[in-house]
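Engineer: Okay, here's the structure, questions in a sec.
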């Protein structure tokens, strides 16, 4: 039984990762600028915050209103007509040593796929993740401290984190729940 579980974990870790379509540097910069102040709010309140990146009717990029979620989730309000969705974005709230929050969850990825958008996740450690929901792959855009970092954050609590994670790997990481 233990050997079988170890082989399953090894297979997931060694799983070949699919190719993905990386976001543009302009999109990444826009997201970093928008998420930076929201990170501070998320740390102070202890909640996740979320919204969307999209295109207005005139083709200009923009963001929806950022909404406060809960300690363990956030559901953005889908905008009306005239705003084409590109990506979801959300924070993972304040640092809590009992909750692995330095990588996206499998639910984050499923939600983006269901909505037909890519996703961005900002972590308490200041990481920015990109979720390619077609490839079902999460890619770390920038590491700890690239976005504002919760002052209480303690590096290493979530273990070693790969820079690319497949859906199967996220499911395995979510198994703590």
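Engineer: Return the FRET efficiency for the residue pair residue 29, residue 67: r is the Cβ-Cβ distance, R0 is 30 Å, and the value is rounded to the nearest 0.05. Walk me through the numbers on the way to the answer.
Structural biologist: On the way: r = 23 Å, r/R0 = 0.76.
E(calc), rounded to 0.05, equals 0.85.
Engineer: How high is the relative contact order of the chain? Use alpha-carbon pairs under 8 Å, at least six apart in sequence, and give a whole percent.
Structural biologist: Across the chain, relative contact order equals 20 percent.
Engineer: Can you give the angle from 0 to 90° between the axis of helix 25-45 and the longest principal axis of the chain, with both taken from C-alpha atoms, to the nearest 10?
Structural biologist: The answer is roughly 80 degrees.
Engineer: Angle between the Cα long axis of helix 106-115 and the longest principal axis of the chain, 0 to 90 degrees, nearest 10?
Structural biologist: Tilt of helix 106-115: around 40 degrees.
Engineer: Most fluctuating residue of 121, 78, 139 in a GNM of the chain with Cα springs under 10 Å: which is it?
Structural biologist: Highest fluctuation among the options: 78.
Engineer: Can you give me the Cα centroid spacing of segment 26-89 and segment 121-177 in angstrom?
Structural biologist: Comparing the Cα centres of segment 26-89 and segment 121-177, I get a distance of 18 Å.
Engineer: Taking the convex hull of the Cα atoms, report for the chain its projected area averaged over all directions, in nm².
Structural biologist: 10.3
Engineer: For segment 64-163, rounded, prolate or oblate, judged on the Cα gyration tensor with a ≥ b ≥ c (square roots of eigenvalues), a/c < 1.5 rounded, else prolate if a/b > b/c?
Structural biologist: Working: a/c = 2.07, a/b = 1.56, b/c = 1.33.
Since a/c reaches 1.5 and a/b is larger than b/c, the shape of segment 64-163 is classed as prolate.
Engineer: Here's another thing I want to ask about it. Given a Förster distance of 22 Å, report the FRET efficiency between residue 83 and residue 45 from their Cβ-Cβ distance, rounded to the nearest 0.05.
Structural biologist: It comes to 0.25.
Engineer: On to the next question. Could you give the angle, 0 to 90 degrees to the nearest 10, between helix 2-13's Cα long axis and the longest principal axis of the Cα atoms of the chain?
Structural biologist: 40
Engineer: Separate question: So between residue 21 and residue 154, what do we pick up on full extension, going 0.36 nm a residue minus the alpha carbon distance?
Structural biologist: Full-extension gain reported as 44.7 nm.
Engineer: A further question on this structure: Based solely on its DSSP helices, what 222 nm [θ] is calculated for the chain when runs of n ≥ 4 H residues each add -39,500 (n - 2.57) and the sum is averaged over all residues, nearest 500 deg cm²/dmol?
Structural biologist: It lands at -9000 deg cm²/dmol.
Engineer: Moving on to the next point. Once you sort the root eigenvalues of the Cα gyration tensor of segment 27-105 as a ≥ b ≥ c, which label holds: rounded (a/c under 1.5), prolate (a/b larger than b/c) or oblate (the other case)? Could you put the intermediate results ahead of the total?
Structural biologist: Working: a/c = 2.41, a/b = 1.99, b/c = 1.21.
Since a/c reaches 1.5 and a/b is larger than b/c, the shape of segment 27-105 is classed as prolate.
Engineer: Using R₀ = 25 Å, calculate the FRET efficiency as 1/(1 + (r/R₀)^6) where r is the Cβ-Cβ separation of residue 36 and residue 163; round to 0.05.
Structural biologist: Efficiency, rounded to the nearest 0.05: 0.75.
Bear in mind that the values in this text are calculations on the coordinates, not laboratory data. If you're wondering where the values come from, they're calculated on a predicted model, not measured in any experiment. Cβ: placed from backbone, ideal geometry, glycine included. Neighbour counts: every protein chain shown.
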